Amino acid sequence: MTQDMEETVETFGDINLTLGMLNMEDNISKEDIYSHLTSVIQNSDILDDAIVQRLIYYASKDMRDNNILRETRMLAGEVLVSLAAHDFNSVMYEVQSNFRILELPDEFVVLALAELAASYVSQSIPFMMMTLLTMQTMLRLAEEERMKRVFCIALEKFSKAIYKYVNHWRDFPYPRLDANRLSDKIFMLFRYIMEKWAPITSPMQTLAIVKAHGPTVSLLLHREDLCDYALDQVPWLLNQYKDKEIDFHVTQSLKQILTAVVLYDTALPKGLRKTIFINLLHQVCRVPEPPVKENEIEASSCFLILAHSNPADLMEFFDEQMRSDNETTRMGILTLLRSAINAEEPKLRDHITSIEKTVKVVMGDLNIKVRNSTLLLIQTMCEKCFIEAQDGWPLIDYIFFQFAMSNKNLEKPMKPNSHEIERGEKSVREISLEVLKTLDPLVIGMPQVLWPRILTFVVPAEYTGTLDYLFNIIRRLLMAEERKKNDTKESTALVVSTGAVKLPSPQQLLARLLVLSVLASLGKLCGAGAIGLLKMLPEIIHPKLVDLWKTRFPELLQPLEGKNTSIVLWEAMLLQFLKESLWKINDIAWTIQLSRDFKEQMGSYSNTSLEKKFLWKALGTTLASCQDIDFVSSQIKEFLIAPHQLGDQRQGITSILGYCAESHLDTVLKVLKTFQDREKFFMNRCKGIFSGKKSLTKTDVMVIYGAVALHAPKGQLLTRLDQDIVSQVLFLYGQCSQVLGMSVMSKDMDLQMSFTRTITEIGIAVHDAEDKGFKFSYKEVLLGYMLKFIRDEPLDSLASPVRWKALIAIRYLSKLKPQLSLNDHLNILEENIRRLLPLPPLEKLKDGGETDKDKEHINFLYERSMDALGRLLKTMMWDNVKAEDCQEMFNLLRMWLVSQKDWERERAFQITAKVLTNDIEAPENFKIGSLLGLLAPHSCDTLPTIRQAAASSTIGLFCIKGTHLEVERLQSLQEGLQCDNVQVQINISSKIAKIVSKLIPVEEILMFLEETLDGLESLNSTCIQACGIWMIVILKEHGAALEEQLLEILSMIYHHMPVLRQKEESFQFMLEAISQIASFHMDAVVANLLQKPLPFDRDTKTLWKALAENIASSSKLLRALTDKLENELEDDLAGMEAISVACAMYEVVSTGTPITTLYPEVFTLLLKLVSCTLGQKMPTSPWSHRRRVMQQGERQQTADPCRLSTVTLKCVQAQAMKEGLAKESDEGDNLWTLLSSPSTHHVGVCALARSTVRQRGIILDIMEQLFSSLTSSSENYRVTGTAFFSELVKEPILWKHGNLREVLILMDQSAWDSNATLRQMAIRGLGNTAYGAPHKVKKHKQIILESVIRGLYHLARTEVVCESLKALKKILELLTDRDVSFYFKEIVLQTRTFFEDEQDDVRLTAIFLFENLASLTGRRWKIFFAEEIKKSMISFLLHLWDPNPKIGAACRDVLIICIPFLGLQELYGVLDHLLDGQDLPRARDFYRQFCVKLAKKNQEILWILHTHSFTFFSSSWEMIRSAAVKLTDAIVLNLTNQYVQLLDKEQLTTRLQALRQDPCISVQRAAEAALQTLLRRCKDLNVLL
């Protein structure tokens, strides 16, 4: 409701806006506004009264404004009329106010009144009298044509409105008005117009009067007093038929008048009626040019009205007009009659006879259009029951006659430019058939017309084309009669006299219907109708057949229920049905007459038709059923002497005599022998001419013998075969093959074909006799003839059917006894295969044909030849009981199945598909594995025919073994192989493989794999894909059962690898196959591959990688290799097998195989292997002396076990980093160099350990795996384990969850080991424990300190000393002075010994340790430590300028720490300056400042520095020598005179002099400066040097 209100408000707003625009200047387009207003008003149910009034005002004003365009005024008038729906009275008032008496109104005012009257009849009638009165005063004022047209339009609309009121006044809502008064006014207006305007008007004015004429006259006809006047005006209307533009409106007005005439039951004068007939007929039948369609329709409607009002007069008029020879008139009348009958006008039924009479008038007209119109009228008459029983038959006969005549005319040679005639005759034929198709034989009266005369059209040949519908008509009549038999109240409609019509005899009907019934097997309607009709006519054919046919027909018709009925089967059933029927009739005369009728009807069919061929067979069967031997003999003689009457004499006589021999073998052979003896054949291969007629040749007689043998009773055949049949055939063939009495090579194709056909039929006959004891003595002779025929055929063309027919003959002969040997079978098959498969491609063969028909014939021969070869191979193969022999025969096709030529492969597969069909049962031991591998991959071959045949053959392989398959599903998949999309083919082939793979015997898989591997080597790309897929699918299905065959399979695969390596796609499938095998038998495959020599060659590496890349087996593979490596390293010794495992593991992990689950174990084992192979050479292997072929680009590498093991470990670590199990080593790639070198192995292990500590769970597993290394019998492995753990003990988290307590104990023991590296790693571990477990260090400080201090005395190995110093530094950081008091002095003294060590690391660590010792002096060791500082200060001062900057920094730090022990805090300033500078100050300046400060504080220490400096003059480091000299210079400069006196001037001078010769310039200069300083001091003291 709310929505409606919103829409109303929106509409009002829209109209108000529009009204505002109407009130504006002219620049607004009023035409668009009024168009929009019309739409809005018509679509609005409610409008506000004020808006309506405003709209009426504006619309009325603009409608009458002459300054506005006519289109706009017209639209304004439409708006005004539309507003009447909302307020009619206001609109009418507005219009009437501008429609005044004696004033000529605006034309649009008149039009508005007219539209109001037309649109609102009920509201307008009360105003009509006033309107008409006013209008009456205006007509005299109208002078312009336009105003006259407007008044005519108004008269038209007013008349229609009043006419409606007159006829429907009861429907109006107010009391009845006096309509006569209204019609009086209309009459006066109309009379004025007709008298004043009509005589002298323009065409436009005339059209307006014509439009008004019909409604006005129709209105006036309701008044008896005005009726005559109204009818008198009709001639004027008819006289207006002049122009096409106006004719339709004349006819329309006339139709209105005729409708009113019928409505008011007004009698038309006869003269006027005929004038109307003539004029209307002229509208329908215009000769010069065709009528306008809508005018023709209106004229036809007028005739229908006339048929209702004056049927008798109309039929009389039609009959009169039909007797003229005018084609157009006849067609028009026939069309009008058809329309009238279609309208089912009841009054016309009283004139059926007149209609039939009218039709019969034109039955002799040969005009095509008239014939078509007549046929269509007859069709309508039949549909609407307008045919009488007595006189209706000629109409039915006319239909068939027209069909026959059109066929006859079409068969005549057509003249040039007669295409129109041809099309016309075809149209007659088509319409005739359409009439018969729609003919309902059961409408009232039709059965009496049709039955039984309709049967006369069954037998004549000219009506053959109508039989489809004729049989349906007869069938429906018979069915209706059958239904009526049970109803005694109804009469039998079919019992009607035939009159002069001659009905066909029962034998004629049987012969005709039986022959036509053969077409039912082709699905033709005619054939089905014939057999259906025959089923209903037993009583008419012969009373004795009723019961027989009642039981036999259901069985006979059963084959027709299927989609595809075999023609041969259907013919056999029909002939058997004929035999039984004749036996049941048992009437010799009846049978003889039937044979004569068959013979008479031969001309009804073409020689090549199926009906004619069956007719010969039916005639032969009828003769076979005839018991009159003399008649049969005479008929055979007649056919032999005059075979031309049969049409195709050879085929006809052969069929007749063959089927006749079924019951009269002796008679047929006797007559044939007599005929041969009497007719002396001229000894050539041509046909003879006797008595001017064509006679039989020897070749024809030879063919007859074959047909006789084929149809002869099996019990009688074998006794007469050799002497009376085969010998005669060979004799006749020999005669035909001679020229002038000499045998020559026969090139007569007809002779060869006939001879081959005869031999084939004899072979079939003997085989069907099923006499196991009979041995055919002519078998080898006849096989020789057939093989010779095939050999003589060319290998570059296929123009003759000799190959095809000879193959069929060989097939049947091969089945006969005596049995051929295997070699004979193979020779025959190979000969035939080699004569067919190498033929050129089919398209090239077809190019040899000159015409399209030749090409079709070649294609036909090709298909038949291939089919025959397939059947021959199938017969010879499966008739053999030995599986080995079957395999041998099948191998004949092998080379063709893999041919490089598509067409040869296609043929081979098509033949194979025929051999491997599901109706065959193979011998018990027949193996399918190899064949499956050969055939299945071609399901993805290049040609769709090959793909289909390959799939069919694959399915067939399992069918012949009796395996139950999902046949329907497989066949559905097979159909999909027609697709050219390679991926679709691959998918379908894969699905087929998955279905059948379950069914292949396990013991045959090895043969299958061998065949598929061969296929991978030689097939094309798509077949290789299919080959690989089949191999993989079957391995997936049966892999678990291949354990016993595993070694053979692997060996076979290795054998194919060199060739497959060259084909990447094939090689990948081979690798996947190994992966599949490994997924079931991983341990066996791994063991087999590990036997390959080291280093692995390219193929072996590829195999390992392929196994690893298989997701399903990669985890199993790594597990198997891990277990294998663990077993090999069980005694901590690495042999050849362990190294092979490592190499294999490298290939596996390098592919990205996940190692998360096995990482701890794999890592530990590989580290162990690296450790155990340190410094080893490659162990000797059984393959070490085997020569290896290197791949291109592959270099011979030195076999280094440790290197191989390290590379594998590196690969594992890289994968671990990818998986987040480890981090990159701080050593980078140098790690692996360190690890593989015996001298740096322990360093690499430590770096490796540091990179491994990433995930707690993993490192704990590694610790568990590696714990045994600490007690290993292998010294290297102990070093490896100790080094690894030495890094792990730094991690506090590992002390919480790991067994590091036992590790610590073992490390302490190892710290006393004789192996220096082991001691070093153990001491490092003890030191690192300070980081990971400080509490353990504090707890076991004594033991740990003793073990570590012990290392300080291992002076032969500085790395042990260095490690001990580092360890002490870490440990002492955790302890107090009391904890180390016992060891303090020893540590200090040992530490000082390493300040001048050659190794930077030792010096640095010693300085750091000394610095730490300063915090542990306590009271007890403070003085001792101060003294040691004095002794060490020279080292600290000099090493400030150590080559290693770290040592210089350490010396600065230790000086700062140690100065307080000497009470020299004043030196901090100098040291602070040293520390604050960006760069080191000059050594000379520093030393002089330092000595200045020191000299003031403690001359003793200065002297001590001097006494210790001499030893550094000979230091190996230039910077230390230079610093020592500069320090001496500073000391000498700052010593007191007392101490200067004590100097050993001679020694000092000597040393400085020596240093002046030092290689280093800096030392030389420093020595020179020091010497000068010494000289100055001595000079100052007057001391001589």
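Of note:
- Apart from one condition, Leu139 fits all of (1) at pLDDT below 80; (2) buried (at least 19 other Cβ atoms within 10 Å of the Cβ); the exception is (2).
- Tabulated pairs, region 203-214, first at pLDDT below 75, second surrounded by fewer than 19 Cβ atoms within 10 Å (Cβ to Cβ), C-beta under 6 angstrom, 6+ apart or interchain: none
- Output for region 1151-1187, where each listed residue is open to solvent by 50 Å² or more (accessible area, probe 1.4 Å) and either modelled with pLDDT of 80 or more or of a type outside the set (A, V, I, L, M, F, W, C) (or both): Pro1154, Thr1156, Thr1157, Gly1175, Gln1176, Lys1177, Thr1180, Pro1182, Ser1184, His1185, Arg1186, Arg1187
- Filtering region 838-852 to residues that are closer than 15 Å to Pro801 by Cβ and either surrounded by fewer than 17 Cβ atoms within 10 Å (Cβ to Cβ) or hydrophobic (A, V, I, L, M, F, W, C) (or both) leaves Leu839, Leu845, Gly848.
- Restricting attention to region 246-267, the residues being of a type in the set (A, V, I, L, M, F, W, C) and surrounded by fewer than 20 Cβ atoms within 10 Å (Cβ to Cβ) number 4.
- Contact annotation: residue pairs with Cβ atoms under 9 Å, 6 or more positions apart or on different chains, pairing a residue in region 227-245 that is more than 15 Å from Ser202 (Cα to Cα) and open to solvent by 30 Å² or more (accessible area, probe 1.4 Å) with a partner that is aliphatic (A, V, I, L, M) and not in a helix (DSSP H, G or I), are Trp236/Ala198; Lys244/Val292.
- Of note, Val1245 does not satisfy the criterion of being in contact with a Gly (Cβ under 8 Å, 6 or more places away or on another chain), in a helix (DSSP H, G or I) and either in contact (Cβ under 8 Å) with a residue 12 or more places away in the chain or open to solvent by less than 10 Å² (accessible area, probe 1.4 Å) (or both).
- Selection of region 1414-1458 for residues being surrounded by 20 or more Cβ atoms within 10 Å (Cβ to Cβ) and among the aliphatic types (A, V, I, L, M) yields Leu1416, Ile1429, Met1433, Ile1434, Leu1437, Leu1438, Leu1440, Ile1447, Ala1450, Val1454, Leu1455.
- Asp1083 meets the conditions (1) out of contact with any Asp or Glu (no Cβ under 7 Å at 6 or more places or on another chain); (2) open to solvent by 10 Å² or more (accessible area, probe 1.4 Å); (3) more than 19 Å from Leu1047 (Cα to Cα) in every case but one. The failed one is (3).
- Residue in region 813-833 that is closer than 30 Å to Glu924 by Cβ, among the aliphatic types (A, V, I, L, M) and under 41 Å from the mean Cα position of the chain (by Cα) present: yes
- Of the residues Leu615, Leu582, Leu560, the single one that is part of a helix (DSSP H, G or I), aliphatic (A, V, I, L, M) and within 47 Å of the chain's Cα centre (by Cα) is Leu560.
- Sole residue being open to solvent by 50 Å² or more (accessible area, probe 1.4 Å), part of a loop (DSSP other than H, G, I, E, B) and of a type in the set (D, E, K, R), chosen from Lys1290, Lys1210, Lys1296: Lys1290
- Screening Glu1359, Glu1398, Glu1411 for residues that are touching a residue at least 60 places away in the same chain (Cβ under 8 Å), within 20 Å of Ile1447 (Cα to Cα) and not small (Gly, Ala, Ser) leaves exactly one candidate, Glu1398.
- Out of Phe108, Phe99, sole residue that is more than 23 Å from Lys164 (Cα to Cα) and part of a helix (DSSP H, G or I): Phe108
- Restricting the search to helices (runs of 4 or more DSSP H) fully inside region 1443-1562 and requiring at least 3 residues that are among the polar types (S, T, N, Q) gives 1499-1509, 1518-1534, 1537-1542, 1545-1555.
- Test: Lys550 is basic (Lys, Arg), at pLDDT below 85 and either in a loop (DSSP other than H, G, I, E, B) or in contact with a helix residue (DSSP H, G or I) (Cβ under 9 Å, 6 or more places away or on another chain) (or both): no
- Residue within region 653-661 that is assigned to a loop (DSSP other than H, G, I, E, B), crowded, with 20+ Cβ neighbours inside 10 Å and under 60 Å from the mean Cα position of the chain (by Cα) present: yes
- Residues of region 388-411 that are open to solvent by 70 Å² or more (accessible area, probe 1.4 Å) and at pLDDT 75 or above: Phe401, Lys408, Glu411.
- The lone exception for Asp1229 - which of (1) surrounded by fewer than 14 Cβ atoms within 10 Å (Cβ to Cβ); (2) touching a residue at least 24 places away in the same chain (Cβ under 8 Å); (3) of a type in the set (Asp, Glu) it fails: (2)
This table checks each residue for (1) without any contact (Cβ under 8 Å) to a residue 40 or more places away in the chain; (2) within 24 Å of Leu304 (Cα to Cα).
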position: Ile193; (1), (2): no, no
position: His222; (1), (2): no, yes
position: Asp225; (1), (2): yes, no
position: Ala267; (1), (2): yes, yes
position: Leu272; (1), (2): no, yes
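- Every test in (1) surrounded by fewer than 22 Cβ atoms within 10 Å (Cβ to Cβ); (2) in a helix (DSSP H, G or I) is passed by Ser124 save one, and that test is (1).
- Close contacts from region 647-659, counting a first residue that is closer than 8 Å to Asp700 by Cβ and a second that is open to solvent by less than 10 Å² (accessible area, probe 1.4 Å) and of a type in the set (D, E, K, R), with Cβ to Cβ under 6 Å and a gap of 6+ residues or different chains, come to Arg650/Asp700.
- Close contacts from region 713-725, counting a first residue that is surrounded by fewer than 16 Cβ atoms within 10 Å (Cβ to Cβ) and a second that is of a type in the set (A, V, I, L, M) and at pLDDT 85 or above, with Cβ to Cβ under 6 Å and a gap of 6+ residues or different chains, come to Gln716/Leu665.
- Where helices (runs of 4 or more DSSP H) fall wholly inside region 1350-1413, the ranges with 3 or more residues that are open to solvent by 10 Å² or more (accessible area, probe 1.4 Å) and touching a Gly at 6+ places or on another chain (Cβ under 9 Å) are 1358-1372, 1377-1392.
- Region 432-486: number of residues that are out of contact with any Lys or Arg (no Cβ under 9 Å at 6 or more places or on another chain), hydrophobic (A, V, I, L, M, F, W, C) and open to solvent by 30 Å² or more (accessible area, probe 1.4 Å): 4
- Entry remark, region 148-178: residues being in contact (Cβ under 8 Å) with a residue 24 or more places away in the chain and assigned to a helix (DSSP H, G or I) number 20 in total.
- Qualifying residue in region 825-835 (condition: open to solvent by less than 50 Å² (accessible area, probe 1.4 Å) and more than 18 Å from Ile790 (Cα to Cα)): no
- Test result for Arg73, open to solvent by 80 Å² or more (accessible area, probe 1.4 Å), touching a helix residue (DSSP H, G or I) at 6+ places or on another chain (Cβ under 8 Å) and of a type outside the set (Asp, Glu): no
The values are calculated or read from the model by the stated rules, or taken from the named source; none is laboratory data. Small disclaimer: the values here were computed from a predicted structure and weren't measured. For neighbour counting, all protein chains shown are included, and Cβ atoms are generated from backbone atoms with ideal geometry for every residue, glycine included. Accessible surface areas use protein heavy atoms only, side chains included; no ligands, DNA or RNA. Shrake-Rupley method; radii C 1.70, N 1.55, O 1.52, S 1.80 Å.
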